[in-house]
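Only one structure is covered here, and it is reproduced in the block below.
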Amino acid sequence: MKKIVRTICLMSLCAMVFLLCACGASKDNEILDRKTQTVEQEMRAFTKELDKYRGLSDAQIQEYINTIESYKKNNQLTEEKAKMNEDIIKQWHEIEGQIGTFKEYGEFEFDSAGKTYTATLNLKYENRDVRLIYVISKKDFEITGANVEIVYTLGEKMSKAGLNTLTGIVIVFLMLVLMCIIIYAFNIINYLQAKYKKKKEGTKIEITTTLDGDDAVIEETKVDDKELIAVIAAAIAASTNQSTDDFVVRSIRRKV
């Protein structure tokens, strides 16, 4: 009997704990739902704000970005907030000419991943659909990132992926061609080095001089190289303390 009573008490305690947890989870879910609705309203309002920046020139967009920078310098905006505003204005400026006029709001999605929430508001425009995305921190529910982008169809995504693949193949092919050229160039360099070395060895000479009166005789292989002869004559003149006018280079012989 006592065992049955203990079992009933334990079951009652577990049921109470479960109900308390369920109540806490339900309360947290209600708070999150209210915050989610607030985010959706803010995103809709921000969509209307973006329409104010339609048709602006590049200079006007840059002026707006300069204003954001001044707010950041005056500590009226944090660096993260300033960058987020600059990025989303630039993105909007790039796509606003392609999408046409606003028609209606689409689906709103709110997802959880890791330490952040991701809120996505789909917008329907005359020419293209657009997606507005907020990244929200779970810690303080602050917006840490935002971007606006065109929604591409599956065919457009496949076409873009195919183009990227083709570009990658072309780059790899060009790199292989460049590598082949470099490898071939090494063979040419080796050939030129060997040819230069052979030519350098072929120009080595041994000079033997005999003074016969006012003449100096150099016995070498005959070479039609006036510059080489001039150098040899100057060397002989320096070694014999004579002028180049006092002797004549008659022949050059290579030593075997």
Inset, instruction - Report the residue count in segment 129-142 for those that are modelled with pLDDT under 90 and either out of contact with any Ser or Thr (no Cβ under 8 Å at 6 or more places or on another chain) or acidic (Asp, Glu) (or both). - result: 4
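Could you grab me the full set of residues in segment 139-156 that are part of a loop (DSSP other than H, G, I, E, B) and out of contact with any strand residue (DSSP E or B) (no Cβ under 6 Å at 6 or more places or on another chain)? Please lay out each step first, then the result.
At the first step, the residues of segment 139-156 found to be part of a loop (DSSP other than H, G, I, E, B) are 139-142, 151-153.
Within segment 139-156, LYS139, ASP140, PHE141, GLU142, TYR152, THR153 qualify.
Could you identify the single residue in ILE143, ILE150, ILE171 that is among the β-branched types (Val, Ile, Thr), at negative phi and free of Cβ contacts under 8 Å to residues at least 40 places away in the same chain? Explain how you work it out, then say what you get.
Working: ILE143 fails: free of Cβ contacts under 8 Å to residues at least 40 places away in the same chain; ILE150 fails: free of Cβ contacts under 8 Å to residues at least 40 places away in the same chain.
From the options ILE143, ILE150, ILE171, the qualifying one is ILE171.
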Legend entry - segment 41-87, residues that are under 18 Å from ASP129 (Cβ atoms) and in contact with a helix residue (DSSP H, G or I) (Cβ under 8 Å, 6 or more places away or on another chain): LEU50, ARG54
Inset, instruction - Among the residues of segment 153-170, write down those that are under 30 Å from ARG131 (Cβ atoms) and β-branched (Val, Ile, Thr). - result: THR153, THR165, THR167
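When you scan segment 180-199, do you find a residue that is surrounded by 12 or more Cβ atoms within 10 Å (Cβ to Cβ) and modelled with pLDDT of 80 or more, even just one? Break it down stepwise before answering.
Step one: list which residues in segment 180-199 are surrounded by 12 or more Cβ atoms within 10 Å (Cβ to Cβ), which gives none.
Scanning segment 180-199 turns up no residue that is surrounded by 12 or more Cβ atoms within 10 Å (Cβ to Cβ) and modelled with pLDDT of 80 or more.
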Inset, instruction - State all residues of segment 68-106 that are in contact (Cβ under 8 Å) with a residue 40 or more places away in the chain and either assigned to a helix (DSSP H, G or I) or exposed (fewer than 14 other Cβ atoms within 10 Å of the Cβ) (or both); if no residue qualifies, say none. - result: GLU80, MET84, ASP87, ILE88, GLN91, TRP92, HIS93, ILE95, GLU96, GLN98, ILE99
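Conditions tested, residue by residue: (1) open to solvent by 90 Å² or more (accessible area, probe 1.4 Å); (2) among the aromatic types (Phe, Trp, Tyr); (3) modelled with pLDDT of 90 or more.
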site: THR47; (1), (2), (3): no, no, no
site: LYS52; (1), (2), (3): yes, no, no
site: SER57; (1), (2), (3): no, no, no
site: ASN66; (1), (2), (3): no, no, no
site: PHE108; (1), (2), (3): no, yes, yes
site: GLY114; (1), (2), (3): no, no, no
site: THR120; (1), (2), (3): no, no, yes
site: LYS124; (1), (2), (3): no, no, yes
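Could you say which residue among GLU96, GLU149, GLU104 is within 28 Å of ALA59 (Cβ to Cβ), at pLDDT 90 or above and charged (D, E, K, R)?
On the way: GLU96 fails: at pLDDT 90 or above; GLU104 fails: within 28 Å of ALA59 (Cβ to Cβ).
Only one candidate passes the filter, namely GLU149.
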Inset, instruction - Please indicate, with yes or no, whether at least one residue in segment 149-162 is surrounded by fewer than 15 Cβ atoms within 10 Å (Cβ to Cβ) and in contact with a Phe, Trp or Tyr (Cβ under 8 Å, 6 or more places away or on another chain). - result: yes
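Return yes when GLY114 is under 30 Å from GLU69 (Cβ atoms) and of a type outside the set (A, V, I, L, M) and no when it is not.
On the way: under 30 Å from GLU69 (Cβ atoms): no; of a type outside the set (A, V, I, L, M): yes.
Here the answer is no, as GLY114 does not meet what is asked.
The values are calculated or read from the model by the stated rules, or taken from the named source; none is laboratory data. The structure presented is a predicted model; accordingly, all values stated were derived computationally and were not measured. For neighbour counting, all protein chains shown are included, and Cβ atoms are generated from backbone atoms with ideal geometry for every residue, glycine included. Heavy atoms of the whole protein, side chains included, go into the accessibility calculation; ligands, DNA and RNA do not. Shrake-Rupley method; radii C 1.70, N 1.55, O 1.52, S 1.80 Å.
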